[in-house]
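Taken together, the values in this text are just the output of simple stated rules run on the coordinates, not laboratory data. The model shown is predicted, which means the values in this text are computed figures rather than measured ones. Heads up, the Cβs are rebuilt from the backbone with ideal geometry, glycines too, and the neighbour counts pull from every protein chain shown.
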Amino acid sequence: MNRTEHTAFGWRIDRYEFDTGETYVVDVIETTPKDGLTNRTFYVRGRITGVSSNPAFTVIPKEPGFFHSELQDTVLAGSLAFTVEEKAEWWCVNWALNNRKLPALEKFVLPAGQEVELPAGTKLYICRGTASVYGRANGPTSELAAATPMIVGAVDDVYGLKFLE
């Protein structure tokens, strides 16, 4: 596992990379609504599967584009054992590392060759891929803040997070 620290629009955001075959365990001490979890995660590469020690809870596979909001409404207490099936990368905003606060986030996925107009005020952090804005390439860890409407084109598949605050 490799973790690197980044900053996006003033928020601490960490990038995690795991190699194929790596495993890890997450212990969920008590049943928690997904919005009460202390992390917001966004998967941008690979495939991770998992099983829960709680037979009433099914772990959803994590693949590119999977965002925190797509979790089940409630995460049941138990140990979650994960296996990296394909080299994986995800981004995480953690409550404790951000002064006990979490930003309002929305995932951004734009397939290669497509473009979209983002309204003025949009704050987009590129996690993976290359986005073209006004003819300029913007790769991972780029912060794009739209003062006016902005056309974003995907040079390759682009995965990012919109900061809504």
Worksheet item: If Lys and Arg each add +1 and Asp and Glu each add -1, what is the summed charge of the other residues whose beta carbon sits under 10 Å from the beta carbon of residue 20?
Response: -2
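Using 0.36 nm per residue, how much length does the chain from residue 25 to residue 51 gain when fully extended, once their Cα-Cα distance is taken away?
On the way: separation 26, 0.36 × 26 = 9.36 nm, distance 0.97 nm.
Here the answer is 8.4 nm.
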Worksheet item: Which far-off residues, 5 or more places away or on another chain, put their amide H under 5 Å from the one on residue 127, with H placed in the peptide plane?
Response: 141, 159, 160, 161
Fill in: Label-point separation, residue 4 to residue 137 (7 Å along Cα→Cβ), nm
1.6 nm
Worksheet item: Bin by bin, in steps of 5 Å, what percent of the Cα pairs in the range 58-137 do you find, going until the bin that has the longest distance?
Response: 3, 9, 16, 21, 20, 15, 10, 5, 2, 0
Discussion item. Can you tell me, using C-alpha contacts under 8 Å and at least 6 residues apart, the relative contact order of the range 68-165 as a whole percent?
Written reply: 32 percent
Worksheet item: What are the ³J(HN,Hα) values, in whole Hz, obtained from phi via the Karplus relation 6.51 cos²θ - 1.76 cosθ + 1.60 with θ = phi - 60°, for each residue of the range 28-36 in sequence order, with x given for Gly and Pro?
Response: 9, 5, 9, 4, 9, x, 4, 6, x
Practice prompt. Measure up 62/107; 34/162; 62/87; 34/123; 34/101 against 22 Å on the Cα-Cα distance and list the ones that go over.
Written response: 34/123
Discussion item. For Rg/Rh (Cα atoms, Kirkwood Rh), pick the label among [x] 1.05; [y] 1.48; [z] 0.99 that corresponds to the value derived from the coordinates.
Written reply: [z]
Worksheet entry | Listed residue (163, 119, 153) projecting farthest to the positive dipole end of the range 105-163, Cβ model | 163
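Got the relative contact order for the chain handy, in percent, Cα pairs under 8 Å and 6 or more residues apart?
On the way: 420 pairs, mean separation 39.1, N = 165.
Once normalised by length, the contact order is 24 percent.
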